[in-house]
Amino acid sequence: MKVAIMGKIHPDGINIFDTNNVQSFEIENFEENYLINKLMEVDGIVIRTANLTSNVLSKCKNLKIVSRHGVGYDNVDSNYLNRNKIALAITGTSNAVSVAEHVMTMFLYLTKKIHLSDQLVKSGNFKKKYDLPNYFELYKKNLLILGFGRIGQELAKRSLAFDMHVYVYDPFVSREKIKGKDCIPIDKNEGFKIADYISVHLPLNDTTKNFINYNEFKLFKKNLILANTARGGIINEEALYDALKSKIISGVGLDVFEKEPPINNHPLFNQENTILTPHNAALTLECRKRMSIEACENVLFFLEKNRKLNHKNIIL
């Protein structure tokens, strides 16, 4: 049994292979010809953020499973995997808590404008606290969660603890399940009109590309704070910039971008009402350990036909 690991992962995951006599090796060169040469004989692949194209996959004659170190898989040609009956796995139980906490951090940072208070004290202007701009509470505010998978549900749990009103748009989740989590199902546009906060937890596909665009920004409240920790491209960045510059919305937190890394002179960098992070919402130490172990267990248990396999992680 031979497994390739594309990108560095926490050693706790690699130990899964070592203790089960699985030959594994790490790859950090993602040039296509190099990948073709190195992946020809592997039975499984653990992959982080590198691209795995159909051209590379077509040369992998022994490949039986690709396991994503995360939950998104737009960097893997899933159509090829599906056509050729190669399994695709995700680490479905690992990152929800870390991402939900990241969103709450963004909400609190942008709502409390805490950085301005910090700057005031450090600059010796403690007594000028009444000159600070208005800042607010999360209490009793309306949160709209777009997508109610594990991350959306963990965010809902934490937001309810702040006594927020939590609304959910997800056409693939029953109203009963949403209500069972003490949340309120709502139509997308109705949610856009009433939301004080919106958090995006959708996959990126043809349906969700530019899901929030110029027309959607016309529906939002001016106090809206918007967070996207899912995938770049779900929010149109040009429309977002215009909305921030024109003060159509109050602020935005982005962990993901249409192009990663974003260009050095990205217009959003010059907006004060933003908090931008480098696609690291799921990279807490605890989460990296969990994802590494789960990604490697997906491969091991699938190849061994082990009953410990979490079948919910196998999405193809």
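The values are calculated or read from the model by the stated rules, or taken from the named source; none is laboratory data. In this text the structure is predicted, and so the values were computed from the model without any measurement. Virtual Cβ from ideal backbone geometry, glycine too; neighbours counted across all protein chains shown.
Which one is farthest from the chain's Cα centre (by Cα) among residues in the stretch 215-228 that are over 21 Å from residue 272 (Cα atoms) and part of a helix (DSSP H, G or I)?
215
Anything in the stretch 229-264 that is part of a loop (DSSP other than H, G, I, E, B) and aromatic (Phe, Trp, Tyr)? List them, or say none.
Selection gives 257 alone.
Has the stretch 215-231 got any residue that is at positive phi, surrounded by fewer than 17 Cβ atoms within 10 Å (Cβ to Cβ) and assigned by TED's automatic domain parsing to the domain that holds residue 148?
Among the residues of the stretch 215-231, not one is at positive phi, surrounded by fewer than 17 Cβ atoms within 10 Å (Cβ to Cβ) and assigned by TED's automatic domain parsing to the domain that holds residue 148, which makes the answer no.
Report whether or not residue 292 is over 20 Å from the mean Cα position of the chain (by Cα), surrounded by 15 or more Cβ atoms within 10 Å (Cβ to Cβ) and either modelled with pLDDT under 95 or among the small types (Gly, Ala, Ser) (or both).
No: the conditions fail for residue 292.
Take the conditions surrounded by 15 or more Cβ atoms within 10 Å (Cβ to Cβ), of a type outside the set (Val, Ile, Thr) and under 22 Å from residue 71 (Cβ atoms) and apply them to residue 204. Does it pass?
yes
Which number in (1) outside the structural domain of residue 133 (by TED's automatic domain parsing); (2) more than 30 Å from residue 45 (Cα to Cα) marks the one condition that residue 297 misses?
(2)
Kindly provide the set of residues from the stretch 173-201 that are closer than 25 Å to residue 240 by Cα, β-branched (Val, Ile, Thr) and surrounded by 17 or more Cβ atoms within 10 Å (Cβ to Cβ), ordered by number.
Passing the criteria: 186, 198, 200.
Here is a check on your reading of the model: is residue 19 of a type in the set (Ser, Thr, Tyr), within 27 Å of residue 230 (Cβ to Cβ) and surrounded by fewer than 19 Cβ atoms within 10 Å (Cβ to Cβ)?
Against the criterion (of a type in the set (Ser, Thr, Tyr), within 27 Å of residue 230 (Cβ to Cβ) and surrounded by fewer than 19 Cβ atoms within 10 Å (Cβ to Cβ)), residue 19 does not qualify.
Within the stretch 253-278, can you find the residues that are in contact (Cβ under 8 Å) with a residue 60 or more places away in the chain and not polar (S, T, N, Q)?
Hits for the stretch 253-278 are 253, 255, 275.
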